[in-house]
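Q: Have a look at this one.
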Amino acid sequence: EDGGEFTYALNHLGKVHGFVVGWSLSLCYLSMVPLNAGAFVLLLREIFGAKMDFFYLYSISGYPIYLTDVLVMSAVIILFGYINIQGLKISTKVQNIMSILLAVIVSGLLCLMFVRSDLQVFHQNYVENYRFSFSEISKIIAIAPFLFVGFDVVPQVSEELGFKPEKSTLLVGISVLIGIFIYGALNTIAGLGFSPEAAMKTHWAVADAVIQHLGKAGFYIMLIALAAAVVGGINGFMIASSKLIASLSQRNHLGPKYSIKNEKGVQPYAILFVCAISLIGAFVGRRVIIYIVDMASVLAAVAYMYVSFISISLAKSKVEKVLCVLGSLISASFIVLLMFPGSPAQLSKEAFISLILWTVCGILVYQFRKRKNVS
């Protein structure tokens, strides 16, 4: 059903809890559009170097913002806004092409790296001399909830594309496995090129490893894969964001115009809203966006905890019930890991402030819409 976790929480726990989940996920989705658009700028900077640093504007949190950053990010966001307004079939076709391109190129690069690298050195660095460090691993574990929000695109569009629940579940499962492979492959590529200590000293471990073993040709092929990932991220999260905004609108949590469909069957006002919010990211810089992305991990964990908690009472077997309880506990542990003072993965001060501001905005929006609906 459109709305995914938001609709699930709304149907089983009511409007307040549904809004909490929907408001939480909306920022998770929204923040990824400018983040990926900013990553596109970084890719161009890898190709063109200092030429991308044209016409310095200002700095926010120590991050310099150039006119080229604003123009490139804005152009990419507007382009994919236009593509999405043309209809879901076109945007999903773009998504499929980008996903296949990413998987094929990364697989090819990984195979070539295994052929060109010294596997004995790799074994020494990452098997024989491996040292477990919870503080280091926890920093990655803490953002795991946020890394899974990309798979939410499937439930957001499954109803409109006519997918049965079984097919949607299968697609999510396959997507998760492919995602694990891509992340693992990129880490392995870096590991095949450098020891952990050497990797820390590089500008970009994955890219430097590819250049070292496969040359500039391999590097440019890798950039194509990363461009596919970035483009797929922008497109996918624009789809998910607009669908969630439309679902919030249909349930009277946002203005009614955001759920209006055009002749192509998509909600243009919801897409334009996503574009407008994303364009702000072009002007505040990557560091501010990363603060928001960091705290969005908490919001994602909140949404997953709600879904797991609701599913406990709906479970049809003991195994399902145990899994739902585990899901609730794991989600809660993510929140503790990010919020507890002294935790190695504790949010930065800026991320905490962003979380508070988004929470306050949510309360104000909910109260405003509540009074509007009553009147």
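Q: For the pair Y220/I100, report the inter-label distance in nm, with labels modelled 7 Å from Cα in the Cβ direction.
A: With each label placed 7 Å out from Cα toward Cβ, I get 2.4 nm.
Q: Would you please state which residues of the stretch 36-60 a label at L67 would reach in this model, taking the label point 7 Å out along Cα→Cβ and a backbone N cut-off of under 14 Å?
A: Under 14 Å, as judged by backbone N against the label point of L67, lie 52-58 of the stretch 36-60.
Q: Could I ask something else about it? Using the Cα centre of the chain as origin and beta-carbon charges of +1 (Lys, Arg) and -1 (Asp, Glu), tell me which of V360, L254, V70 is placed farthest towards the positive end of the dipole.
A: L254
Q: State whether the stretch 45-193 is rounded, prolate or oblate according to the following rule on the C-alpha gyration tensor (a ≥ b ≥ c being the square roots of its eigenvalues): a/c under 1.5 gives rounded; otherwise a/b larger than b/c gives prolate, and the remaining case gives oblate. Write out the running numbers ahead of the final one.
A: Numbers: a/c = 1.79, a/b = 1.12, b/c = 1.60.
It is oblate, given that a/c is not under 1.5 and a/b is not larger than b/c.
Q: Please report D208, D69 as a ranked list, fewest other C-beta atoms within 10 angstrom at the top and most at the bottom.
A: Values: D208 18, D69 27.
Result, fewest neighbours first: D208, D69.
Q: Answer rounded, prolate or oblate for the stretch 268-375, using the Cα gyration tensor with square roots of eigenvalues a ≥ b ≥ c: rounded when a/c is under 1.5, else prolate when a/b is larger than b/c, else oblate. Spell out each step's value before the answer.
A: On the way: a/c = 2.10, a/b = 1.30, b/c = 1.61.
Oblate, because a/c is 1.5 or more while a/b does not exceed b/c.
Q: Taking only Cα atoms and a 10 Å spring cutoff, compute GNM fluctuations for the chain and point out the largest among V121, V231, V20.
A: V121
Q: Follow-up. Which entries of K318/K370; K51/K89; K93/K349; K261/K316; K164/K321; K167/K372 have Cα-Cα distances beyond 29 Å here?
A: Working: K318/K370 39 Å; K51/K89 37 Å; K93/K349 40 Å; K261/K316 37 Å; K164/K321 23 Å; K167/K372 39 Å.
Where the Cα-Cα span goes over 29 Å, the pairs concerned are K318/K370; K51/K89; K93/K349; K261/K316; K167/K372.
Q: Of the candidates F340, F151, F48, which one comes out as most mobile in a Gaussian network treatment of the chain with C-alpha springs shorter than 10 Å?
A: Of the options given, F48 has the highest mean-square fluctuation.
Q: Shifting gears a bit: Counting only helical runs of four or more DSSP H residues, what would the 222 nm mean residue ellipticity of the chain come to if each run contributes -39,500 (n - 2.57) and the total is spread over all its residues? If you can, show how the numbers build up before the last one.
A: Details: 15 runs with 288 residues, N = 375.
That comes out to -26500 deg cm²/dmol.
Q: Kindly put C275, C111, C28 in sequence by how many other C-beta atoms sit within 10 Å of each C-beta, fewest to most.
A: Numbers: C275 22, C111 11, C28 28.
Sorted ascending by nearby Cβ count, the order is C111, C275, C28.
Q: For the chain, with only Lys/Arg (+1) and Asp/Glu (-1) charged at the beta-carbon, what is the dipole magnitude about the Cα centre, in debye rounded to 20? Don't jump to the answer; show the numbers that get you there.
A: On the way: 27 positive and 19 negative charges, 192 e Å.
The calculation lands at about 920 debye.
Q: Let me ask something else about it. Given charges of +1 on the Cβ of Lys and Arg and -1 on the Cβ of Asp and Glu, with all other atoms neutral, how large is the dipole of the stretch 95-212 about its Cα centre, in debye to the nearest 20?
A: Numbers: 6 positive and 9 negative charges, 21 e Å.
Using Cβ point charges on Lys, Arg, Asp and Glu, the stretch 95-212 gives about 100 debye.
Q: Evaluate 2.2 N^0.38 Å with N set to the residue count of the chain, then give the Cα radius of gyration divided by it.
A: Working: Rg = 21.4 Å, N = 375, 2.2 N^0.38 = 20.9 Å.
Against the compact-globule rule of thumb, the ratio is 1.02.
Q: Hey, with R₀ at 30 Å, roughly what FRET efficiency would A198 and I178 work out to, going by the Cβ-Cβ distance, to 0.05?
A: 0.55
Q: Taking 0.36 nm per residue of separation and subtracting the Cα-Cα distance, what length does fully extending V16 through K370 add? Don't jump to the answer; show the numbers that get you there.
A: Details: separation 354, 0.36 × 354 = 127.44 nm, distance 1.02 nm.
Difference between extended and current length: 126.4 nm.
Q: Return the single residue from L299, L272, L357 with maximal mean-square fluctuation; model: Gaussian network over the chain, springs between Cα atoms under 10 Å.
A: L357
Q: Hydropathy first: keep DSSP H helices in the chain averaging at least 0.5 on Kyte-Doolittle, then drop any whose Cα extent along the axis falls short of 24 Å, and list what survives. Walk me through the numbers on the way to the answer.
A: Details: long enough: 15-48 (50 Å, 1.25); 67-85 (27 Å, 2.02); 88-116 (42 Å, 1.58); 165-193 (42 Å, 1.29); 205-250 (53 Å, 1.28); 268-284 (25 Å, 2.29); 286-314 (41 Å, 1.56); 318-339 (31 Å, 1.80); 349-374 (38 Å, 0.47).
TM-like helix candidates: 15-48, 67-85, 88-116, 165-193, 205-250, 268-284, 286-314, 318-339.
Q: Taking the beta-carbon count within 10 Å as an exposure proxy, list W204, W358, W23 from fewest neighbours to most.
A: Numbers: W204 14, W358 20, W23 24.
The fewest-first ordering by Cβ neighbours comes to W204, W358, W23.
Q: What does the C-alpha gyration tensor say about the overall shape of the stretch 234-319? Classify as rounded when a/c is under 1.5, otherwise prolate if a/b is larger than b/c, or oblate. The partial results should precede the final answer.
A: On the way: a/c = 2.65, a/b = 1.28, b/c = 2.08.
In terms of gyration-tensor shape, oblate.
Computed from the coordinates by the stated procedures, all read-outs in this text should not be read as laboratory data. Small disclaimer: the values here were computed from a predicted structure and weren't measured. With ideal geometry, Cβ positions are generated from the backbone for all residues, glycine too; neighbour counts draw on all protein chains shown.
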